[in-house]
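First the structure, in the form of structure tokens, and then the observations on it.
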Amino acid sequence: MSEHPAVLVHPPRGDGGRRVTVHGEPVGTAMNLPDIVEFLRRAGLEFDENEVTVSPLIEWRGGGSSYWGPEPGH
């Protein structure tokens with residue numbers, strides 16, 4: 001079993017978008033939770049908006065699921 005989460009949501013960019021990778025592969029840049037749900041659906045992973053905020057399969061870097069501004073400290 002891998003030590004890395006299945007889904008990684010990267011820190012927010014200057015425009016608030018967050019890159020999303022699934023198993024190390026980029027799947028898009030999300031601007032909000034519905035975008036993440038859609039990217040995951042396309043990757044064959046079924047989550048709703050509540051599940052993406054708490055799932056241990058998803059790692060949120062640079063702020064949690066409610067943070068969409070610029071990366072902290074920038």
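Would you please name the residue that is surrounded by the fewest Cβ atoms within 10 Å (Cβ to Cβ), looking only at residues in region 1-50 that are of a type in the set (Val, Ile, Thr) and free of Cβ contacts under 8 Å to residues at least 40 places away in the same chain?
Checked region 1-50; the qualifying residue surrounded by the fewest Cβ atoms within 10 Å (Cβ to Cβ) is Thr29.
Mind checking whether some residue in region 36-47 is outside any loop (DSSP other than H, G, I, E, B) and among the aromatic types (Phe, Trp, Tyr)?
Yes, region 36-47 has at least one match.
None of the figures in this text is laboratory data; all of them are computed from the coordinates on show. Worth saying up front: this structure is predicted, and the values here are computed from it rather than measured. For neighbour counting, all protein chains shown are included, and Cβ atoms are generated from backbone atoms with ideal geometry for every residue, glycine included.
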